[in-house]
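J.: One structure, pasted below without further comment.
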Amino acid sequence: MHPLFKRILQPLLQPIIRFRGDRGSVYLTFDDGPHPERTPMALAALERAGAVATFFMAGAEAEKRPQLARRVAEAGHAVGYHSYNHPHMRVLSTARQHEELRGISRLEHVLERPVRLYRPPYGELTLSQLGWCLARGVRVVMWSLETGDSFATDAGAVAQRTCAALRGGDIVLLHDDTAAAIDSLPLILEGVRRAGLSFGRL
């Protein structure tokens, strides 16, 4: 999307699609987990920093590791849904999109608590997904700051790039199944502190 369109559309859509949070905080979010090794490392780094975050879990991964999924929630972090199998939703039929979305009930069963946040895989939000979420009181959450951790090998560069761009209210996109995200996390956490910002849950 062209930057000008983003500046115009995002404030209009903010009541139904969240792109940013309150300006005094930073919202770290982790997609694609829970990962058996890296999610516990992320939890440990967050605990050491006294920070909270939001984890958008793939339903299939949570069902493989129910104890770890519950551990994330029990540590005080928010949990959202990131589809069941992490497909490209824009190429699926409406029926298949809704099948993926209904997997939120399986994540709720794992966590033993309601889930009211949804982030579409790859940020591919369709009108079909949006309508489904609106009808069920599920808030769609996107992001305002992408770290580029998915394809990075230099964690220091990820942290430097993220901290240089950081502003209050940013929803920061990370992935708790990538080494770059986990290795850069302590530096990002310190950068948020140096900026005088607090950590928020969505």
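The values are calculated or read from the model by the stated rules, or taken from the named source; none is laboratory data. What you are looking at is a predicted structure, and each value in this text was computed from that prediction instead of being measured. Positions of Cβ are generated from backbone atoms using ideal geometry, with glycine treated the same way; all protein chains shown enter the neighbour counts.
J.: Is it the case that segment 99-108 has a residue that's in a helix (DSSP H, G or I) and in contact with a Leu (Cβ under 9 Å, 6 or more places away or on another chain)?
T.: yes
J.: When the residues of segment 1-30 are narrowed to those that are in contact with a helix residue (DSSP H, G or I) (Cβ under 8 Å, 6 or more places away or on another chain) and modelled with pLDDT of 95 or more, which ends up surrounded by the fewest Cβ atoms within 10 Å (Cβ to Cβ)?
T.: The residue in question is V26.
J.: Looking at A95, A78, which is the one that is within 13 Å of the chain's Cα centre (by Cα) and on the phi < 0 side of the Ramachandran plot?
T.: Only one candidate qualifies: A78.
Every residue, every condition in (1) buried (at least 20 other Cβ atoms within 10 Å of the Cβ); (2) in contact (Cβ under 8 Å) with a residue 12 or more places away in the chain, yes or no:
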{"site": "A135", "(1), (2)": "no, no"}
{"site": "D149", "(1), (2)": "yes, yes"}
{"site": "A165", "(1), (2)": "no, yes"}
{"site": "A179", "(1), (2)": "no, yes"}
{"site": "G191", "(1), (2)": "no, yes"}
{"site": "A195", "(1), (2)": "no, yes"}
{"site": "S198", "(1), (2)": "no, yes"}
{"site": "R201", "(1), (2)": "no, yes"}
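J.: Still on this model: Of the conditions (1) at pLDDT 95 or above; (2) out of contact with any Phe, Trp or Tyr (no Cβ under 7 Å at 6 or more places or on another chain), F55 clears all except one; give me its number.
T.: Just one mismatch for F55, condition (2).
J.: Can you name the number of the only condition in (1) modelled with pLDDT of 95 or more; (2) buried (at least 20 other Cβ atoms within 10 Å of the Cβ); (3) outside any strand (DSSP E or B); (4) out of contact with any Leu (no Cβ under 7 Å at 6 or more places or on another chain) that A62 fails?
T.: (4)
J.: Separate question: Run L189 past the list (1) among the aliphatic types (A, V, I, L, M); (2) closer than 15 Å to H77 by Cβ; (3) outside any helix (DSSP H, G or I) and report the number of the one that doesn't hold.
T.: Single failed check for L189: (3).
J.: Let me ask something else. Let me spell it out: the conditions are (1) farther than 27 Å from L185 by Cα; (2) surrounded by 15 or more Cβ atoms within 10 Å (Cβ to Cβ), and V140 meets all of them except one. Which number is the exception?
T.: Tallying (1) farther than 27 Å from L185 by Cα; (2) surrounded by 15 or more Cβ atoms within 10 Å (Cβ to Cβ), V140 fails exactly one: (1).
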